[in-house]
Amino acid sequence: MKIAAFDIGGTSLKMGVVDDRGNILASDSADISHNARDRILQDMLAWLEKNPGCAGIAVSTPGYVDADAGFIAMGGTIRDFDQFHLSQWLTEKTSLPATVENDAHCALLAEQWLGKATKLNDFLMLTIGTGLGGAAFCNGALIRGGRNRAGEFGCLLTSRPTSSDIERHTMSQSCTMTALRKNYSQLQGLAIDDVTGKDVFDAYERNEDAARQSVAQFYQDLAACLYNLFSVFDPQMIFIGGGITAREPFLAELGAELAKYDLDIHIDAATYGNDSGMLGATWNFLQRQSPAETLKNG
């Protein structure tokens with residue numbers, strides 16, 4: 001069985017054809033920094049036309065998603081998708097069954113299906129990029145919450161709010177690459193658009209004061225939040241996804257900060273990187289189409 005898989009990100013749409021064993025048979029990407037819903041949908045239809053013979057459509061997308069209905073209540077970084085029934089629209093246009101799931105949930109599902117979590121009953125997924133996403137797998141099940149908002153770890157506070165601007169004190173504002181770049185650029189008197197995450201870590205390796213201060217704050221805030229998550233969920237493992245995990249010393253540096261808490265907190269990098277969204281979306285599709293057959297094949 002071949003599935004057309006899509007991962008809608010903040011700046012790019014990843015497109016693939018994935019079989020029911022998790023093999024990616026074809027892939028491509030399109031720039032969606034415009035965040036325009038109609039153009040994204042047309043790119044998806046063009047990929048389906050280019051790759052006929054797929055049995056269904058699997059989508060990973062940011063925001064609050066009712067995965068049972070395939071409905072996006074809030075589109076996250078792409079607000080054009082607010083209050084949009086994406087699975088219904090895709091089925092009407094293609095006559096193919098379609099499923100939609102939150103992107104962080106998809107990253108977790110990819111790890112559960114094919115990665116390092118196949119034998120774990122309790123684990124977390126944290127995705128770090130321009131924003132911060134999360135998902136929790138507890139007692140053998142993905143936790144969705146009463147309004148499909150469980151796992152919004154980016155909303156957790158890193159300090160006591162001192163004003164009505166609550167968001168300024170959240171993980172999303174302190175534990176992301178955007179926050180790291182912002183802190184460093186302010187210390188250096190640079191525009192944030194002129195600074196990349198690689199720039200900051202390169203400066204960190206050169207022992208520049210501003211970079212070392214910014215990176216230290218980043219790791220301190222991230223470790224504090226992982227401590228809080230560990231205390232709430234008691235996971236066997238916390239997986240971390242995002243481009244930052246490609247930095248070889250990342251896990252060791254974060255682990256050194258976590259060691260200060262004197263707790264047995266296990267962390268690891270997510271396995272599939274930029275492919276996790278498509279793979280997790282595919283697993284979500286397979287489970288919903290034929291759970292018994294999928295479990296037997298998996």
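Here are some notes:
- For residue 156, net neighbour charge (Lys/Arg +1, Asp/Glu -1) across residues whose Cβ lies under 15 Å away: 0
- Between 162, 91, 61, the GNM of the chain built on Cα springs shorter than 10 angstrom shows 162 fluctuating the most.
- Exceedance of the 27 Å cut-off in Cα-Cα distance is limited, within the set 93/119; 2/93; 50/93; 119/260; 93/116; 14/198, to 93/119; 119/260; 93/116.
- Two tests apply to each whole DSSP H helix in the chain, Cα reach of 27 Å or more along its axis and mean Kyte-Doolittle hydropathy of at least -1.0, and the ones passing both are 209-233.
- Fully extending the segment from residue 119 to residue 35 would add 26.5 nm, taking 0.36 nm per residue of separation and subtracting the current Cα-Cα distance.
- Relative contact order for the chain: 20 percent, from Cα pairs under 8 Å spaced at least 6 residues apart, divided by residue count.
- Summing Lys and Arg as +1 and Asp and Glu as -1 over all other residues whose Cβ lies under 13 Å from the Cβ of residue 113 gives a net charge of -2.
- Accessible area per residue, Å², region 119-269 with all protein chains present, probe 1.4 Å: 52 Å²
- Principal axis extents of the C-alpha atoms in region 1-42 (largest first, rounded to whole Å): 33, 15, 12.
- Matching label, volume of the Cα convex hull per residue in Å³ computed from the structure shown, candidates [x] 178; [y] 160; [z] 140: [z]
- Rounded percent of accessible protein surface that carbon and sulfur make up, the chain, 1.4 Å probe: 46 percent
- For the chain, the mean residue ellipticity at 222 nm estimated from helices alone is -11500 deg cm²/dmol, where every DSSP H run of n ≥ 4 contributes -39500 (n - 2.57) and the total is divided by all residues, rounded to the nearest 500.
- One decimal place: the segment residue 268-residue 220 gains 15.5 nm when fully extended, by the rule 0.36 nm per residue minus the C-alpha distance.
The values are calculated or read from the model by the stated rules, or taken from the named source; none is laboratory data. Quick caveat, the model's predicted, so the values are computed rather than measured. Counting neighbours? That spans all protein chains shown, and the Cβs are built from the backbone with ideal geometry, glycine included. Accessible surface areas use protein heavy atoms only, side chains included; no ligands, DNA or RNA. Shrake-Rupley method; radii C 1.70, N 1.55, O 1.52, S 1.80 Å.
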